[in-house]
Each structure stands twice: as C-alpha cells, then as structure tokens.
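What follows is a short report on a single structure.
The values are calculated or read from the model by the stated rules, or taken from the named source; none is laboratory data. Bear in mind that the values here come from a model prediction, so they are computed numbers and not experimental data. Methodologically, a virtual Cβ is constructed for each residue, glycine included, from the backbone with ideal geometry; neighbour enumeration extends over all protein chains shown. The area values use the complete protein model at the heavy-atom level, side chains included, leaving out ligands, DNA and RNA. Shrake-Rupley method; radii C 1.70, N 1.55, O 1.52, S 1.80 Å.
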Amino acid sequence: MFQTSMRTHTCGQLRLENAGSRVVLAGWIRKIRDFGNIVFIDLRDSYGITQLVFEGENLKLASNLEEEFVIQVEGVVRERENKNPKLSTGDIEVVVEKLNLLSRAHAPVKPYDTTSEETNLKWRFVMLRHEDKQQIFKFISDLMFETRNFLHNKGFKEIITPFLTKSTPEGARDFIVPSRLHRGKFYALPQSPQLFKQILMMSGFDRYFQIVKCFRDEDFRANRQPEFTQIDIEMSFVKRGDVMSLAEELVKYLFEKLLNIEFSQFTVLTYKEAIEDYGSDKPDLRAEDITVVHLDNVKGGCGFRIFESANHLSATFIPVKLSRKESQNLEKELEENFCKAAVVPFSDGNFSGPIGKNTSSEFQELVIKELSLPSEATVIFVANDAATTLIGDIRNWLIRKFNLAKKRFAPAWIIDFPLFEWDEEEKRFVSVHHPFTDFEEPADGKLEHATSLAYDMVINGEEVGGGSIRISSPEKQQRVFELLKISPEEAEEKFGFLLRALKSGAPPHGGIAFGLERLAMIMLGLDNIRDVIAFPKTTSGMCPLTDAPSPVSERQLVELGISLKGQH
Ligand code: ASP
C-alpha cells in the first residue's frame, strides 16, 4: 500500500509481532470507554479498528474527546491482556503518549443511525464510515478491477461514449438536458450506450467494453435507481453462443476470484420453458422442484366457480403443509404483495377446505401430477386476469420467504424470447428487448412471430444481464421499424445515424450488458440496491444529501430560453 506521512500503520495493520514498536495512527474515534484511571478508545479508519489506551500521566490526553473526532496518536504497541479474537488487531493495543486533535465532530453524528431513509441518506457520509459499508464499496471496486482485468486479457478495449446524446430506446423515459447554445433543443442522457457500441463495431473495433453510467427516468419502482452502472460489452463477428460463452466465463471468473466460489453449470431455458415451468422469465432455480402449473385449459368445469370465471388460473406450491391459521396469514400477505390467492393445505392426496370439496377429482389429479406434489404440501392457486408471470413472481417470493433455496447460487440463461409483444394500451407491437435485436426468420413468414436472438442471464431469480445479436442489415432493421410502426421519416430522424452506419458496411455483431449494482448485490447476498450505491437516491428519485433535484436560478432559465409553467 502507498505509505503516507501522517501515520506509520493503518488501524487494521498491527499484530502481536509489532509489540514494542513505536507507531503513529490516525482515524476516527469509534467508541470511548472511560474507567476513571484508564480510558480505552477504539480508533477506526478504512482498514480496521485499533484499541488505544490512555493511562498514567497520559490519561489527561483523553479528556474532551468525543465519538467521531478525528485524531492522530503516537504510542507504543503492547500485547493485550484481554484479547479480542473478533478483531484482526485484537491481540494488541497502543499505549498513547502523544495526541493531535485533527478535527472535531460538531454535527449530531451516529454511525449506526437507523431512523428514516431520508435521514440516513442525508448523513450518508457517517453511515459510510462503518466497517460493513466500507467492505461493500471495496468489494465493488475489486469487482470493477477484475472485470477490466478479465476483459483486457480477452482483447477488449474500454471506449468512452457520450452522456450528452440522443434518446436510446430501452423502454424507459429519458432524462433530458436543455441546450444553451441551441435553444429549444435538448440532449438526452443515455439509457444505455447501445447505439454507440453498435456503431463502434461498424467503426472497426472488434471488442468493446465500458463500465458506464446509464440513466432511466422510471416511475416509482422499488429496488430501482434512476442512474445505475452497466458492464457494457460488444463484439464483432460473433454468434449468440460466442457472446454467451464470454459472459459466462466472465461471471465464473468474478465469483471465483472475489468469492472463491466455483460457479455451477448454467441452466439454459427457453423463454417458453421458463414460463411454462416457473411462470417467470427470471426464475429462481435454487428450488428447481418447485414448479408452477397453468390451468387455463382445464379450469372450465373444474367445479369451483371463482376458478372457472377467472381469465387465468395457475398454481404453485411449497413443500410444507401449513396450518389453517398459517394459510390464512399467507393469503393475507399474498394479497398485500401481489393479488388474491387461495392457499390450500394438501396431504396424502387430499386438498383441504372448499377447494378440496368442490373441485373435480380429474382437476385435483392433474394439479398433483403437474406439480409433482410431495405427500405434504401447501398449494397456492392464483385466479385472476393478470398476466401469466404473476404466479412466477409469487413462486420466487415464496422460495425466499420459506427458505426453500438449496444451492447458494443458481445461474441460468433464458433464450429464445419472442421478438415482439403486443402492447394493449398503445395497440401496437413493442420490442421485448430493443428494436436492434436480431432474430430468426419465422417459419410462417410473419415477423410478429419471430424469435429473437436475445439472452438474459438470471441468478437466483434476478436478471443480472441481458443482450443479443444485433441486426446488421439496414433492410432487416427497416422491417422491424415498420412492424413497430416507426415511419421511415421517424426512423431517419431518431436513428438516421445508426442506419447510415449500417449502410456503410456492418459486421455481424452482438453483446451484453450486466447491471453492476445488481451483480454486486447478488454476490454480497444483499437485497437492497441502495446498499451498493455510495450516494443513492430515494425511491422517488431525490438525493437527500445534496437536495437534488433543486430549482435553478432565473438567470439560468433565461439563458436556456426556458420558462416554467404552473406551480413550482
Ligand atoms: N443495451 C441493453 C440494455 O441496456 C443490453 C444489450 O443489449 O447489450 O439492456
């Protein structure tokens, strides 16, 4: 480590073999224990904690010190009487002889503050001093370093793409930035560097990557942030399998290098299989035996009116038989988090309650067979009008709630997505990934039935990455725009630059992007995205630390030619 002049060691460095040496340490006061004739102080820096002792003629040095003051001390290392095996420096203490107060802490600082999210984020710098938080951000730094290391070794070059740019369609709203020099015109912050990375391939760079910020102005959604980081990758002269192999190798390398975990085989599921078996395109495969069954085709005449009249009926299960009371509680929780559901205990071939009584034996046998129910279980039926993936979300949630996950990490690829889906609101087809995704020509010749050459990487029920082979012919791109009801004029206006590049000799190319924070979160076993972002925003997109977003001066508005309407 680079040695600086204000200390001889860090607070995580001293060991028994240092006993007797004279040292200088610097850091924050974490805790003071005053016993009258002896004072102990835990001194903390980014590397650890060291116990300081103030005694005898140096006792007075400890007076007037408070938690979170920043101090520099000189003293002699001594073997501790009461060793602390939990601390890396727990065998020793430093008997202080000189103290230099570097900075007081005037503000009401509490490193373990657990009050409202807003207060926590406002005082984020105090929270971040805490050892656990320091570990998280050191891990993410290593994650980025190792990613760069791996990709450099595979011949990838990191190339920077613009932030002040034009809209890139990834399905979210853009953040826009007004231009002062071109009044009335706006830049968009990139939702991803998608088009630039494709154009880099057309510019002859064979392998690109970038660890890059992306911006998406989405409405409130838990565990999302308006700005996040991607490990963005693109390669030329590749087929789907090439990009998937590279991505798989990268993830395996990161798990091994950083967590010392040998990653198991990736399960490959088609989109159809994932939906049929698990009701989700991001199934948690740590509990492979927990499947779902779609009962739309058999619900008519099943004997239970609520089931018969719903648009969709599906079921999943947990391999434990809940009591009546527990079932009722689970029903309540499911309704709060997802939708109304029927929780039905099952044992030795029998479903209990009204569903057991009223549904036909054919129906019951089918559910038992399709779910491969064990002798004791609880079945969750969902009858509603919502999409088929609701049951999959419920399944993922149940696996976590009831601790049904077996392996620690279950990585999977989901492939063969449909290229388009129908948007009922807009009454038109929209891309499942983005409009630049290549596809296999559909057997019936109908583009709307095409299967895309996209792939998503899913770990433990979370999508950590996704990508595709891109369209590399302008004619094919035009066909997709047509189906998406993007007129040639609109295509020219929005993506003219891409079309121009496509027409100038484009290699076959494809890539993938990983959500860096999402990946870090899974690797660290955390479940809140804010834990892995140093200065996150609240769920409503505010930054309590800086108070962003905030009003700008009248003069700035005038320069931009902007006037605000209504209340502000
Ligand atoms: N640009 C895509 C995304 O941000 C990823 C990719 O296709 O490479 O989701």
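Couple of notes before you dig in:
- For the set Lys282/Lys407; Lys197/Lys239; Lys332/Lys357, the pairs lying more than 19 angstrom apart at their alpha carbons are Lys332/Lys357.
- Contact order relative to length of region 21-74, as percent, for alpha carbon pairs under 8 angstrom and 6 or more apart: 43
- Of all accessible heavy-atom area on region 413-568, the percent that carbon and sulfur account for (1.4 Å): 51
- Accessible area of region 1-76 divided out per residue, in Å², using a probe of 1.4 angstrom: 50
- Where only alpha carbons of region 387-441 are counted, the Rg and the Dmax (Å): 16.0, 43
- Amide H partners (placed H, <5 Å) of Lys537, local residues excluded: none
- Between Ser563 and Asp132, the C-beta separation translates, for a Förster distance of 60 Å, into a calculated FRET efficiency of about 0.80.
- Debye, to nearest 20: dipole size of region 121-278, +1 on Lys, Arg Cβ, -1 on Asp, Glu Cβ: 920
- Theoretical FRET efficiency, 1/(1+(r/R0)^6), r = Cβ-Cβ of Glu218 and Glu57, R0 41 Å, to 0.05: 0.05
- Using the Karplus relation 6.51 cos²θ - 1.76 cosθ + 1.60 with θ = phi - 60°, the per-residue 3J(HN,Hα) values for region 282-297 come to 9, x, 7, 8, 6, 9, 4, 6, 7, 10, 10, 10, 9, 10, 3, 7 Hz, with x marking Gly and Pro.
- Distances between placed amide hydrogens fall under 5 Å for Phe317 paired with Thr291, Ile380, all partners being 5 or more residues away or on another chain.
- Cα-based helix-to-principal-axis angle, 488-502 vs the chain, degrees rounded to 10: 70
- Whole-number percent relative contact order across the chain, with pairs defined as alpha carbons under 8 Å at least 6 apart: 13
- Under the Karplus curve 6.51 cos²θ - 1.76 cosθ + 1.60, θ = phi - 60°, whole-Hz ³J(HN,Hα) for region 521-535, x wherever Gly or Pro sits: 4, 5, 5, 8, x, 9, 10, 10, 4, 5, 5, 10, 10, 4, 10
- Positive-pole candidate from Pro418, Leu200, Phe436, dipole of the chain, charges at beta carbon: Leu200
- Between region 315-378 and region 224-267, the alpha-carbon center distance in angstrom: 38
- Modelled label positions at Glu117 and Ala534, each set 7 Å beyond Cα in the direction of Cβ, lie 2.2 nm from each other.
- Residue-by-residue Karplus 3J(HN,Hα) for region 248-257, coefficients 6.51, -1.76, 1.60, Hz, glycine and proline x: 5, 4, 4, 5, 4, 4, 5, 5, 6, 5
- Charge dipole (Cα centre; +1 on Lys/Arg Cβ, -1 on Asp/Glu Cβ; no other charges) of the chain amounts to roughly 1440 debye.
- Length-normalised contact order for region 21-139 - Cα pairs under 8 Å, 6+ apart - percent: 23
- Put a dot 7 Å past the Cα of Glu475, heading toward its Cβ, do the same for Ser88, and the two dots end up 6.2 nm apart.
- For Glu158, distant residues with modelled amide H under 5 Å away: Phe209
- When you filter the trypsin sites (Lys or Arg not before Pro) in region 450-530 for DSSP loop state and at most 13 other Cβ atoms inside 10 Å of their Cβ, you are left with Lys485, Lys503.
- FRET efficiency, Leu16 to Ser203 (Cβ-Cβ, R0 41 Å, nearest 0.05): 0.10
- Taking a straight line from the alpha carbon of Lys83, these lysines sit under 28 Å away, with near neighbours fewer than eight places off in the same chain left out: Lys31, Lys60, Lys98, Lys110, Lys133, Lys138.
- Largest accessible area first, the listed residues Trp397, Trp413 line up as Trp397, Trp413 when surface is computed with a 1.4 Å probe on the assembled protein chains.
- In terms of its alpha-carbon gyration tensor, region 268-343 comes out oblate; a/c meets the 1.5 threshold, while b/c is at least as large as a/b.
- Share of pairwise Cα separations in region 429-568, more than 28 Å, in percent: 49
- More than 23 Å apart - percent of Cα-Cα pairs taken over region 69-224: 68
- Rounded tilt (10° steps) of 361-370 against the dominant C-alpha axis of the chain: 50
- Ordering of 325-337, 454-466, 305-317 by packing [mean C-beta count within 10 Å, highest first]: 454-466, 305-317, 325-337
- Each of Asp423 and Ala548 was given a label point 7 Å from its Cα along the Cα-to-Cβ line. The distance between the two points is 2.8 nm.
- Filtered chymotrypsin sites (Phe, Trp or Tyr not before Pro), region 348-392: DSSP coil and at most 15 other beta carbons within 10 Å: none
- The residues of region 427-503 expose, per residue, 43 Å² of accessible area to a 1.4 Å probe.
- Among the GluC sites (Glu not before Pro) found in region 403-439, those both in a DSSP coil and sparsely packed, with 14 or fewer other Cβ atoms within 10 Å of their Cβ, are Glu424, Glu425, Glu426.
- Candidate aspartates and glutamates - alpha carbon under 20 Å from Lys340, same-chain residues fewer than 8 apart omitted: Asp296, Glu308, Glu326, Glu331, Asp385, Asp393
- Near-label residues of region 146-166 by backbone N, under 15 Å of a point 7 Å along Cα→Cβ of Phe237: 155-156
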